[in-house]
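Contents: one structure, followed by commentary.
The values are calculated or read from the model by the stated rules, or taken from the named source; none is laboratory data. The shown structure was predicted, so the numbers you read here are calculated from the model rather than taken from an experiment. Cβ sites come from the backbone with ideal geometry, for glycine too, and all protein chains shown count toward neighbours.
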Amino acid sequence: VSSFDGISVHWDPASHMHLYQHTQEALFLLETLQKAVLLPNMGRQTPGGEGRRSLDLELELKSVMFRARVGTKKIVQLQVDNLVYSLHADHRLIQSSQLVLSFDKHDIFFMKGVEGKVERASSALQSQRGWWESPHSAKNELWVVRFFSIGVEFPFCYDFSQTFDRCVTVQKWLKALHRRTEPQKGGETVESLPPDLLLRVTHFSFVFLDNIFEVKLRDDYELMKDESKESAKRLQLLDARVTALRKQHGELLPARKIEELYAALEQTNINMYVQRSQRLYANTPMRKALLTWVVTDLEVMASVDPLVHGVENVMKQMQKMDPFSFLPDDGLQLTIQWFRNVKFAAKAFLDT
């Protein structure tokens, strides 16, 4: 499947719930018809008819824009360029030249050279999994995600947390709405084991942007101080020249001539300041960052194991790590459970 035109998708919770309800009603009607009409008339299936077919898919899209309205005035937008997705029985691959994630029309996350694939085994994760001491550790699926560069820029005075909190709320709602569980022997349900993650980033930057007005005001103040020194030097040269002229011409030197020289110097100072102000950012770009972190060759490995998956297993690990704390008698309700063995590695870290 290929598309050379841009594709845009607009989403909001109300439309999603409307579509979800109609889909559930259609599925329920289809299931009722199958039970009432189709199943009694269906004969016994011939042997070999239960084989599972594999799906091969190749998808190429020039650009995809997904916009989600998570609040009354809260909008999140994801722009993906040159998307390539490959799905086969033995592997899955996704690539993109650039991803831009925007919050309330502010481009905050920039990702270039994106590549993600699914692997069955990894020597790096297998060595890290020795920490779990579980017989099922080496059998989990692995997601390998690579980025050539990731940039994060937070605008000045933008409250990112409000929109992000709305995204988390919507994500929890969608997860509860579409939760898929697998039954256990004891009658309880448990979520399927999530895949492991291996993240590699060649260049990562985290930037807090400064107020543009304050940056220009500071740069202009520095320019005024420097131009004041230059004006003082030009005034000294003119004073020396006037002194030399008075020695040469004596009382014959007109006072108007001296006034014209100093007036011309004042006009020159004004013109020089205006010219330097106009060329202030011609050679050197304006500084926009208040704080910058740069990390090169970043690698993050996060692995999960059945030994620590699920509320009961997580609580056991918490009690194992902290046996002296007491839990409530009626149990502890976890809003979020995320138990992983995480390992970080980086070549260099720069703070400016």
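Quick notes on this one:
- Selection from the range 238-263 of residues that are assigned to a helix (DSSP H, G or I), without any contact (Cβ under 8 Å) to a residue 24 or more places away in the chain and in contact with a helix residue (DSSP H, G or I) (Cβ under 7 Å, 6 or more places away or on another chain): 242, 258, 261
- Annotation note: of 283, 271, the sole residue that is under 30 Å from residue 348 (Cβ atoms) and either touching a Gly at 6+ places or on another chain (Cβ under 9 Å) or of a type outside the set (Val, Ile, Thr) (or both) is 283.
- Any chance residue 223 is touching a Ser or Thr at 6+ places or on another chain (Cβ under 9 Å), loosely packed, with under 15 Cβ neighbours inside 10 Å and at pLDDT 90 or above: yes
- Scanning the range 312-352 for residues that are in a loop (DSSP other than H, G, I, E, B), among the acidic types (Asp, Glu) and modelled with pLDDT of 80 or more yields a single hit, 322.
- Top-ranked residue in the range 294-310 [being outside any loop (DSSP other than H, G, I, E, B) and of a type in the set (Asp, Glu); ranked as nearest to residue 338 (Cα to Cα)]: 299
- If only residues of the range 84-135 that are β-branched (Val, Ile, Thr) and touching a Lys or Arg at 6+ places or on another chain (Cβ under 8 Å) are counted, the one that is modelled with the lowest pLDDT is 118.
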